[in-house]
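Here's the structure we're looking at; comments come further down.
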């Protein structure tokens, strides 16, 4: 038999997985026999993830999954309340596709960031990640950003960036490589091109970590080469003490995170930034986040929005709200678009 989706039960199986737990009724047929349509199918799709019927049978027998024999709706067993518990249970089972079972939990129950950005100027702990059974691939994106004025001047400034993301942070490492044209009046000047990178790995239960570098390999710049380590945690009121759904980020770094600019020092500001940076994003809905962050030098607030069913995202905010750096608040924003997925 081929590896196919059991289309006959999609309406029931897709309906819910995070709702009420259903126990298989006494004397009911085995799960595989119930769903196989008398042997016509050997796999089903739940929340877009394909699981073999033999794996479903094993998961139900172990109490990891439960299925209502009438509605064919699935839920996780009452003992499975975290990814860590599920991963421990899966290690004890002989499954053909353990990644699909873990991906099923993540897609149905684990809190993950929405599609909008959860940071304004600081790095994120989340890197490129795909659920099991999603095709491997990479993403090429572009972004344009700028500020209403450069600190201590009245002159606006902007930059054009390109990013290439690949890998899978769920199963190993998600990687991103960035190139930035730092002066739009000198686009052809190679001395004004900077590079960056980020390597991310998803830990468990909404927590992901990353390391990276920014403003690297550039000869003429008003910025600083910076390296960092950062963690981001996605949460909601159902699984934490937080009163809202969102993402918290904290990290530490060198360069722009650890030292002030030459102009700040000349103006009598501190020589050192805080090294530690962090932010908090409130997920208002799946497309909109309200954000507050400390980037090592100053406090920023703003919002991020992603246009539904497109590759377009936007951020806008107010930077430098304290007197710790700079000479007063300024507007900052960016627009990004996914150019190609392959």
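The values are calculated or read from the model by the stated rules, or taken from the named source; none is laboratory data. Worth saying up front: this structure is predicted, and the values here are computed from it rather than measured. Here Cβ is always computed from backbone atoms with ideal geometry, including for glycine, and neighbour counts include all displayed protein chains.
Results, tabulated for the structure shown:
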item	result
Those residues of the range 308-319 which are within 20 Å of the chain's Cα centre (by Cα) and surrounded by 14 or more Cβ atoms within 10 Å (Cβ to Cβ), in sequence order	311, 313, 314, 315, 316
Residues of the range 207-223 classified as under 21 Å from residue 142 (Cα atoms) and outside any strand (DSSP E or B), total	4
Wholly within the range 23-94, helices (runs of 4 or more DSSP H) carrying at least 3 residues that are more than 27 Å from residue 207 (Cα to Cα) and at pLDDT below 95	31-35, 53-61
Residues that are farther than 19 Å from residue 198 by Cα and buried (at least 16 other Cβ atoms within 10 Å of the Cβ), drawn from the range 118-144	131, 132
Scope the range 174-206; condition within 14 Å of the chain's Cα centre (by Cα) and either assigned to a helix (DSSP H, G or I) or crowded, with 16+ Cβ neighbours inside 10 Å (or both); matching residues	174, 175, 176, 198, 199, 200, 201, 202, 205, 206
Sole residue being free of Cβ contacts under 8 Å to residues at least 12 places away in the same chain and either in the same structural domain as residue 252 (by TED's automatic domain parsing) or assigned to a loop (DSSP other than H, G, I, E, B) (or both), chosen from 123, 113, 135	135
Pairs where the first residue, in the range 260-275, is assigned by TED's automatic domain parsing to the domain that holds residue 297 and the second is surrounded by fewer than 18 Cβ atoms within 10 Å (Cβ to Cβ) and outside any loop (DSSP other than H, G, I, E, B), C-beta under 7 Å, 6+ apart	260/272; 271/265; 275/252
Answer from 177, 173, 218, 209 - the residue that is in the same structural domain as residue 325 (by TED's automatic domain parsing), under 30 Å from residue 104 (Cβ atoms) and free of Cβ contacts under 8 Å to residues at least 60 places away in the same chain	173
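Yes/no matrix, rows are residues, columns are (1) in contact with a strand residue (DSSP E or B) (Cβ under 8 Å, 6 or more places away or on another chain); (2) surrounded by fewer than 15 Cβ atoms within 10 Å (Cβ to Cβ); (3) part of a loop (DSSP other than H, G, I, E, B):
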residue: 231; (1), (2), (3): yes, no, no
residue: 243; (1), (2), (3): no, yes, yes
residue: 264; (1), (2), (3): no, no, no
residue: 269; (1), (2), (3): no, no, yes
residue: 280; (1), (2), (3): yes, no, no
residue: 293; (1), (2), (3): yes, no, no
residue: 304; (1), (2), (3): yes, no, no
residue: 321; (1), (2), (3): yes, no, yes
